[in-house]
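Right, one structure below, let's go through it.
The values are calculated or read from the model by the stated rules, or taken from the named source; none is laboratory data. Fair warning: this is a prediction, and the values are worked out from it, not measured in the lab. Ideal geometry is used to build each Cβ from the backbone, glycine not excepted, and the neighbour counts take in all protein chains shown. Quick note on the areas: whole protein, heavy atoms, side chains included, nothing else; ligands and nucleic acids left out. Shrake-Rupley method; radii C 1.70, N 1.55, O 1.52, S 1.80 Å.
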Amino acid sequence: MNTDGWICSVLDNAGARLLALEEVGLFPTELRVGSGVYDSFVRLRHRELSDGVPLLVLGTAVTEDPQLTADEFLLRP
């Protein structure tokens, strides 16, 4: 499987932020990412998406936000 190596940085940072929020009792339901990251997630999860499974990463629904750069993300409650 061909993966984008830079995606690991986004996952590491988002995972660390999610853990910090969970430790204080907050559980975001949406991970907003830039278009490039979103496209990579869609490529990586193509099989599940074609089976009708929603796009989830780190247990959180992912949505595209074209205004974010490749290394930015937002977590929404």
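Quick look at the numbers
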| item | result |
| --- | --- |
| Amide H within-cut-off set for Val57, under 5 Å, with H built and near neighbours excluded | Val62 |
| Vicinal HN-Hα couplings computed from phi for the stretch 9-25 (Karplus, 6.51 cos²θ - 1.76 cosθ + 1.60; Hz; Gly/Pro x) | 4, 4, 5, 4, 5, 5, x, 5, 5, 4, 4, 4, 5, 4, 5, 10, x |
| Interchain or long-range residues, amide H under 5 Å from Glu72's placed H | Gly34 |
| Fraction of alpha-carbon pairs over 17 Å apart in the stretch 11-61 - percent | 39 percent |
| Nitroxide proxy distance, nm - points 7 Å out along Cα→Cβ at Val24 and Thr69 | 2.5 nm |
| Whole-Hz ³J(HN,Hα) from phi, Karplus 6.51 cos²θ - 1.76 cosθ + 1.60, for the stretch 30-39, glycine and proline x | 9, 10, 9, 9, x, 4, x, 5, 4, 4 |
| Under 5 Å, built H, 5+ apart or other chain: amide partners of Glu30 | Arg76 |
| Carbon plus sulfur fraction of accessible area for the chain, probe 1.4 Å, in percent | 54 percent |
